[in-house]
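Accompanying notes for the structure given below.
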Amino acid sequence: MEENINALKSVLDKEYEDFESAVEKVQTLSELENIENRFIGKKSLVSEYLKNMGTLSGEFRPVAGKTINETRKKISERIFLIREEISLIEFDKKLRNEKSDLTLPGRKIKKGSKNIISQIIEEIEMFFIGLGYEIAEGPEIETDYYNFEALNHPPDHPARSLHDTFFIDENILLRTHTSPVQIRYMEKHKPPVYVIAPGKTYRKDYDVTHTPMFTQIEGLAVDKDINFGNFKWTLETFVHAIFGKDRKIRFRPHYFPFTEPSAEVDVSCNMCKGSGCRICSYSGWLEILGAGMVDPNLYKFVGYDAEEVNGFAFGVGIERIAMLKYGINDLRMFFDNDLRFLNQF
Ligand code: DAH
């Protein structure tokens, strides 16, 4: 640096002019930052001069220092003001861009819905809860004892072969019905018992009306003085609640090892109103559940006194109810996960 105040001033004036013309076009904060670096940053001319003050003579140093600092201050004040201005403009721009258009239609939230099988289970549960029943559950992997033996199927009983059982080993199997929950529940609870038990069941079977996994609801009522009239009323009221009051029901004699007497319950066909059609195989009736008065033999397995109590039980196939209620003709549709099918419910 030449020790001449006029020469120094004219260099600094030139620097300030350069600054002004640079800053004139500045639009953004980051551009401003570059300019700040260039004119008063560490490597700027002004900073270089200030760093070299120590090399100047004692007389010149304060004069030079004052001049350089004035320029520095001028530049930095100007930058301060411009920064304020740009910040305001940028903030305003941001607000304008983020402005919400309240007239736009809202975004639809796509909601899933309950599977039709779950819906029917809930509907049936609600009906029986209304009558004072409780809900119970049992394991899907069962022992031979609960699935067969305690339900009055001794080891060589022919009814066992009706079940197309998936065996895991000689004693362990996938339950073929929800009836084992009857035994498990009675083992743990003293009468009176009013309980329903929904759940998955398994059989080796696959066609339009059978799938290897299907769903049942078991019902069991055991109390003093339960008679066939209570049994019939309960199932009739249940069928009317699910299918509508205009449907007739009938009890057809049947055989189950764990009930005596046993019945299959049919509901009148809605398609032909009973006159006979393809859906009901021209009988006018559709089978919907198996049921009966609990065989007193079962009470021995759970420690109830067969002289003291009696009861009734029933087992309903949920998919079958859904098929009849909604006119679905292929059971496999329940398990295909085709949204066009599922969305209808
Ligand atoms: N467990 C039988 C089945 O899967 C249905 C059944 C019939 C259940 C009669 C019952 C009953 O509780 O009493 O075919």
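For the range 12-135, what is the relative contact order in percent, using Cα pairs closer than 8 Å and at least 6 residues apart in sequence?
Value for the range 12-135: 23 percent.
Below 19 Å, Cα to Cα, which lysines can Lys248 reach? Residues fewer than 8 away in the same chain don't count.
Lys232, Lys273, Lys325
Any idea what log10 I(q)/I(0) is at q = 0.14, 0.15, 0.23, 0.25 Å⁻¹ for the range 189-282, Debye with uniform C-alpha scatterers and no solvent?
At q = 0.14, 0.15, 0.23, 0.25 Å⁻¹ the computed log10 ratios are -0.74, -0.85, -1.39, -1.37.
If you take the charge dipole of the chain about its Cα centre, with +1 on Lys and Arg Cβ and -1 on Asp and Glu Cβ, which of Gly199, Ala322, Leu95 is farthest toward its positive end?
Looking along the dipole axis, the top candidate is Leu95.
Before anything else, pin down the relative contact order of the chain: Cα pairs under 8 Å, at least 6 apart, normalised by residue count, whole percent.
Once normalised by length, the contact order is 13 percent.
Cα-Cα over 21 Å: which of Lys14/Lys43; Lys43/Lys74; Lys9/Lys66; Lys74/Lys94; Lys224/Lys300? Mind showing how you got there, number by number?
Working: Lys14/Lys43 17 Å; Lys43/Lys74 18 Å; Lys9/Lys66 11 Å; Lys74/Lys94 30 Å; Lys224/Lys300 16 Å.
Table pairs above 21 Å Cα-Cα are Lys74/Lys94.
Measuring from the lowest to the highest alpha carbon on each principal axis, how far does the chain reach, largest first, in angstroms?
126, 46, 37
Explain nothing, just the number: relative contact order of the range 134-265, from Cα pairs under 8 Å at least 6 residues apart, as a whole percent.
After rounding, I find 22 percent.
Give the peptides 118-124, 128-134 in descending order of average Cβ contacts within 10 Å, highest first.
118-124, 128-134
If you put +1 on each Lys and Arg Cβ and -1 on each Asp and Glu Cβ, how big is the dipole of the range 116-342 around its Cα centre, in Debye rounded to 20? Working shown, then result.
Working: 22 positive and 33 negative charges, 181 e Å.
Once rounded to the nearest 20, the dipole reads 880 debye.
What is the distance in Å between the Cα centres of the range 188-212 and the range 214-237?
15
So for the pair Arg61, Asn34, with labels modelled 7 Å out along Cα→Cβ, what separation do we get in nm?
Rounded to a tenth, the inter-label distance reads 3.8 nm.
Taking the highest mean first, how do the peptides 18-29, 183-194 order by number of other beta carbon atoms within 10 angstrom per residue?
Going from most to least packed, we get 183-194, 18-29.
Please list the non-local residues whose amide H lies under 5 Å from the amide H of Gly292, H modeled 1.01 Å from N, same-chain partners needing a gap of 5 or more.
Amide H neighbours of Gly292, under 5 Å, 5+ apart: Ala263, Ala313.
Using the per-residue mean of other Cβ atoms lying within 10 Å as a proxy for protection, in what order, highest first, do the peptides 61-70, 103-112 fall?
Values: 61-70: 15.3, 103-112: 5.6.
Packing proxy ranking, top to bottom: 61-70, 103-112.
I'd like the distance between the alpha-carbon centres of the range 35-106 and the range 267-341, rounded to an integer number of Å.
A separation of 85 Å, based on Cα centres.
Would you compute, from DSSP H runs of 4+ residues alone, the mean residue ellipticity of the chain at 222 nm, taking -39500 (n - 2.57) per run and dividing by the full residue count, rounded to the nearest 500?
Here the helix-only value at 222 nm equals -13000 deg cm²/dmol.
Between Lys300 and Asn171, what's the calculated FRET efficiency when r is the beta-carbon distance and R0 is 22 Å? Round to 0.05.
In this case the efficiency is close to 0.60.
All of the numbers you see were taken from the coordinates with simple rules; none came from a lab. If you're wondering where the values come from, they're calculated on a predicted model, not measured in any experiment. Ideal geometry is used to build each Cβ from the backbone, glycine not excepted, and the neighbour counts take in all protein chains shown.
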